Amino acid sequence: MPVLELQGLTKKYGDFTAVDSVDLAVEAGEFVTLLGPSGSGKTTILQMIAGFHIPSEGSIQLRGQDISSMPTHKRNMGFVFQDYALFPHMTVFQNIAYPLKIRKRPRKQIKKSVEETIALVQLEKFAHRKPHELSGGQQQRVALARSLVFQPELILMDEPLGALDKNLRGHVQLEIKRIQEITNVTIIFVTHDQEEALVMSDRIAVLNESKLIQYGSPRELYEAPNSYFVADFIGENNFIPGTVTSLSQDDVTVQTVQGRELSVPLRGETLLEEGCQVHISIRPEELSIDDDHAAAAGKLRGRISTKVYMGNSVKYIVKLENHEEVELSVSAGRNALLKSGDSVGVSWADVEHVRLIAK
Ligand code: ATP
């Protein structure tokens with residue numbers, strides 16, 4: 001049985017639907033991220049799970065029990081927010097002890113649980129400091145410890161790393177992952193940062209305009225996006241326009257720019273039919289580039305407009321000949337020698353990596 005199950009979850013503010021009929025199941029011990037652009041409804045979903053908002057329609061079940069109208073303090077969930085919300089006048093120890101105190105646990109047990117949790121987040125040396133005497137990353141670890149200490153069913157995190165700089169953010173991401181793996185606690189995490197979602201999650205729920213678009217593992221979303229939105233939002237992608245010219249049981253033939261044709265294996269796409277317009281979608285790392293612009297069959301001709309050194313790779317932006325509106329991003333080894341202005345041929349190494357998305 002899932003720990004948490006949302007069914008038809010909906011939130012309306014007057015005429016505006018902030019969350020539109022979302023179904024989602026979270027298994028015990030999973031790290032699930034709600035990912036979407038600003039205003040897509042992530043925080044509203046989290047706040048309904050927390051009990052800060054009552055759903056307009058649909059239900060929230062915790063281990064099979066409907067909790068849609070249960071008060072927040074009875075839900076046994078921990079929270080971590082971007083602004084930490086630590087008590088400024090209490091020490092680290094007292095902050096972490098707080099949830100146990102209000103649950104009236106015995107003193108001895110409080111001391112033991114707090115000490116264990118402080119060790120887990122590696123803050124032993126800071127137990128007697130006040131929040132203002134800690135760095136942002138340390139404060140976030142206190143917030144995490146406080147949400148863990150009473151062994152909640154779920155921890156809800158809303159953009160918890162939003163206030164940290166990029167380096168520290170990467171560090172704290174791995175730290176949260178480590179602690180989650182040790183404790184096996186279930187976490188629901190909100191972010192608008194797709195890289196963060198890929199790094200941290202077992203499964204990602206992609207939201208757009210109040211709706212759940214796709215729910216799957218990072219790999220499924222990256223390799224098999226179900227829509228243009230997901231293909232564009234998760235990772236970098238190229239989209240080349242095409243028209244379906246024929247369909248067989250196993251593959252689809254598409255006519256594309258520069259008179260090229262390609263056959264792509266069918267993978268259960270049901271919306272495709274002869275004559276329909278598609279995006280041919282392919283990742284930068286699945287394209288090859290060379291200076292053979294005489295253009296053998298299967299290659300697209302173009303010119304490098306920009307070369308970007310990325311440290312561990314080089315990225316080329318290629319404008320296609322006669323189709324300047326189509327820009328391809330191609331990832332190459334960091335020693336790649338081609339340069340801006342070069343005429344090039346671009347090809348897909350393997351049609352297995354090409355996906356067709358109906359327009
Ligand atoms: P962000 O990443 O910017 O925090 P989000 O995906 O978390 O965005 P929500 O905060 O869930 O988005 O908001 C979803 C939509 O609901 C937004 O368009 C927002 O303006 C609207 N909304 C949220 N709260 C209310 C409210 N109390 N009254 C009216 N509209 C609201």
> Ordered by residue, what ³J(HN,Hα) values in Hz, to whole numbers, does the stretch 150-162 give under the Karplus form 6.51 cos²θ - 1.76 cosθ + 1.60, where θ = phi - 60° and Gly and Pro are x?
Replying inline: 9, 6, x, 5, 9, 10, 9, 10, 10, 6, x, 9, x
> Using alpha carbon centroids, what distance separates the stretch 54-75 and the stretch 224-278, in Å?
Replying inline: 42 Å
> Order of 112-118, 127-133, 39-45, 69-75 by packing, highest average Cβ count within 10 Å first?
Replying inline: 39-45, 112-118, 127-133, 69-75
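Please state the shape class of the stretch 302-357: rounded when a/c is under 1.5, otherwise prolate if a/b exceeds b/c and oblate if not, all from the C-alpha gyration tensor. Don't skip to the end; give the middle numbers.
Numbers: a/c = 2.00, a/b = 1.17, b/c = 1.71.
Here the stretch 302-357 falls in the oblate category.
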>> Tell me which of I188, I213, P225 sits at the most positive position along the dipole axis of the stretch 148-275, charges placed on C-beta atoms (Lys, Arg +1; Asp, Glu -1).
In response: I188
>> Let me check I've understood the local charge: for S21, count other residues with C-beta under 10 angstrom from its C-beta, Lys and Arg +1, Asp and Glu -1. What total comes out?
In response: -2
>> 5 Å is the cut-off here: which amide hydrogens, built 1.01 Å from N in the peptide plane, fall below it relative to F189, excluding neighbours closer than 5 in sequence?
In response: V32, T33, L34, M157
>> Apply the Karplus curve 6.51 cos²θ - 1.76 cosθ + 1.60, θ = phi - 60°, to the phi angles in the stretch 197-209 and return the couplings in whole Hz, x for Gly and Pro.
In response: 5, 5, 5, 9, 8, 7, 9, 10, 9, 8, 10, 8, 6
>> If amide hydrogens are placed 1.01 Å from N in the peptide plane, which non-local residues have theirs closer than 5 Å to the one on D290?
In response: G345
> Can you tell which of R301, R103, R169 shows the greatest fluctuation in a Gaussian network model of the chain with Cα springs below 10 Å?
Replying inline: R103
>> If amide hydrogens are placed 1.01 Å from N in the peptide plane, which non-local residues have theirs closer than 5 Å to the one on E27?
In response: V3
> So, in the stretch 4-229, how many Lys pairs have Cα atoms under 19 Å apart, if the pair is 8 or more places apart or on different chains?
Replying inline: 15
>> Using the Cα centre of the stretch 299-359 as the reference point, and only Cβ charges (+1 on K/R, -1 on D/E), how large is the resulting charge dipole? Debye, rounded to the nearest 20.
In response: 140 debye
> What list of ³J(HN,Hα) values in whole Hz, one per residue of the stretch 229-241 in order, does the Karplus curve 6.51 cos²θ - 1.76 cosθ + 1.60 (θ = phi - 60°) give from phi, with Gly and Pro shown as x?
Replying inline: 4, 5, 4, 8, 7, 9, x, 8, 8, 10, 10, 10, x
>> To make sure I understand the rule: partners must be lysines, Cα under 20 Å from the Cα of K319, and not fewer than 8 residues away in the same chain. Which ones qualify?
In response: K299, K307, K339
> Classify the stretch 163-321: rounded, prolate or oblate, from the alpha-carbon gyration tensor (a ≥ b ≥ c, eigenvalue square roots; a/c under 1.5 rounded; otherwise prolate if a/b is larger than b/c)?
Replying inline: oblate
> Can you give the calculated 222 nm mean residue ellipticity of the chain, where each DSSP H run of n ≥ 4 adds -39,500 (n - 2.57) and the sum is split over every residue, rounded to the nearest 500 deg cm²/dmol?
Replying inline: -7000 deg cm²/dmol
>> Suppose R0 equals 41 Å. What FRET efficiency, 1/(1 + (r/R0)^6) with r the Cβ-Cβ distance, do L247 and N335 give to the nearest 0.05?
In response: 0.45
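Read the figures in this text as sums done on the coordinates, not as results from a lab. Worth saying up front: this structure is predicted, and the values here are computed from it rather than measured. FYI the Cβ positions are ideal-geometry reconstructions off the backbone, even for glycines, and counts take in every protein chain you see.
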